[in-house]
1. In nm, give the distance between the simple-model label positions of Ser10 and Val90, each being 7 Å from the Cα along the Cα-to-Cβ direction.
2. Give me the dipole magnitude in Debye, nearest 20, for region 12-116 about the Cα centre, with unit charges on the beta carbon: positive for Lys and Arg, negative for Asp and Glu.
3. Could you give the Stokes-Einstein D for the chain in µm² per second, using the C-alpha Kirkwood radius, 4 °C, 1.567 mPa s?
4. Under a crude label model (7 Å from the Cα following the beta-carbon direction), how far is Met37 from Phe58 in nanometres?
5. Determine, for Val90, Val38, the number of other Cβ atoms within 10 Å of each Cβ, and report the residues in order from fewest to most.
Amino acid sequence: MNQNPYMSLSGITSEELALLQQATAGLNDEQKKYFYMVYSGKRKSPQDMLIFCIIGMFLVPGLQRFITGQIGMGILYLFTAGLCFIGSIVDLVNHKKLALEYNQKQAFESFNIAKMSN
C-alpha cells in the first residue's frame, strides 16, 4: 500500500484527510486496505454533492438530502419545493459541508467494518 492512498480520492479536503488518518490510526495494514476499499466506494466528493444540490434545486427538491441518507429532510424538501428554495440555496452554498458530514458518517461505518474484518 502506498504511503497515502487517500490523496487519490476525488476532491479530498484537508479536513477529510485528517479525519481519515485519525480514523485509521489503530488499524493494521490489511484493515487499512479494507477500510480504503469500503470507504472509497461510499464517499461523495464535494463536486458530486454540488451536482446533487443543483439537480435538487431545479429538478428534484431534496435530492441531496435523500443521497446523504436524510430521508425525512428529503421528503420535507420534496413537498415544500426545497423549503421555498431557501433550503436548497443554503445547501448549494454549503455543499462542501454536506459532503464532509456525510463522509464522516461513512468513515465511521467503514472503520467498524474494517475493524471486524480480522
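Every read-out reported here was derived from the displayed coordinates using simple, explicitly stated rules and does not represent laboratory data. Remember, it's a predicted structure, so these values are computed and weren't measured experimentally. Don't worry about glycine lacking a Cβ; one is built from the backbone with ideal geometry, like all the others, and counts go over all protein chains shown.
1. If labels sit at Ser10 and Val90, their model points lie 2.8 nm apart.
2. Numbers: 10 positive and 8 negative charges, 17 e Å.
With Lys and Arg at +1 and Asp and Glu at -1, about 80 debye.
3. The estimated diffusion coefficient comes to 86 µm²/s.
4. With each label point 7 Å from Cα toward Cβ, the separation is 4.0 nm.
5. Val90, Val38
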